[in-house]
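Each reported figure results from applying straightforward, stated rules to the coordinates on display, with no laboratory input. Fair warning: this is a prediction, and the values are worked out from it, not measured in the lab. Glycine also receives a Cβ, built like all others from the backbone with ideal geometry; neighbour counts cover every protein chain displayed.
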């Protein structure tokens, strides 16, 4: 699976949009981009995933560049409860018969400040 | 989202004892489950992939005889840390893959402290 690069930490003001970047320059054509977050001492929580089109759900938006070498997770109105470590992971689709394991990097620690 | 539970949430044991951690998918069937370990201020490290009815696949460097995994049903996988030592103290997290939704959901984790 392709490796990802994320900034180790970021700050965001409460109520503002949080934009978390991720580089995945070696991504393959059949690899998806997944985002999870982990609030302190809890299990990771799924946020969103995409292949090449931008995606939006009730939690966030995912913007993937046209060449797919990078992406940005957008939390439109960050709250204090969004303070967490955010992980960007690339993974081959499970339907292609692989194990589907998620390999976590170091992630970005997002601190939302009042 | 789907619910994955772990039991116990926290366990303290003496060195040399064995500890069993259960991971259950509560509202879906999981043919594949994964076990991770996380040390303080570090990321999650995948230990093994557990497939229902077959032997687990361990990541490089993970001792299969020390970390016994059983995935006997589509909703339950267990991790047994045998002869635990203080260096095994960690946060153990399982996840289960829901094939129908093509998603992977994580449990809340189990904090193991070995004295």
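Descriptive notes on the structure:
- In terms of surrounding Cβ atoms within a 10 Å radius of their Cβ, A:81, B:37 rank from fewest to most as A:81, B:37.
- Fewest-first ordering of A:11, B:88 by other beta carbons within 10 Å of each residue's beta carbon gives A:11, B:88.
- The three principal axes of the C-alpha atoms in the protein assembly as shown carry coordinate ranges of 50, 41, 32 Å, sorted with the longest axis first.
- With a 10 Å cut-off around each Cβ of A:22-33, the average count of Cβ atoms from other chains is 0.
- Per-residue average of Cβ from other chains inside 10 Å of A:36-48: 4
- Zone residues, the range B:81-96, relative to residue B:42, backbone N less than 16 Å from point 7 Å out along Cα-to-Cβ: B:85-93
- For the range B:15-105: rounded, prolate or oblate by the Cα gyration tensor [a/c cutoff 1.5]: prolate
- Percent RCO, i.e. relative contact order, over chain B, from Cα pairs under 8 Å lying at least 6 residues apart: 37
- Least to most buried among B:59, B:103 (fewest other Cβ within 10 Å first): B:59, B:103
- Once the Cα gyration tensor of the range A:1-113 is diagonalised, semi-axes √(5λ) in Å: 23, 15, 12
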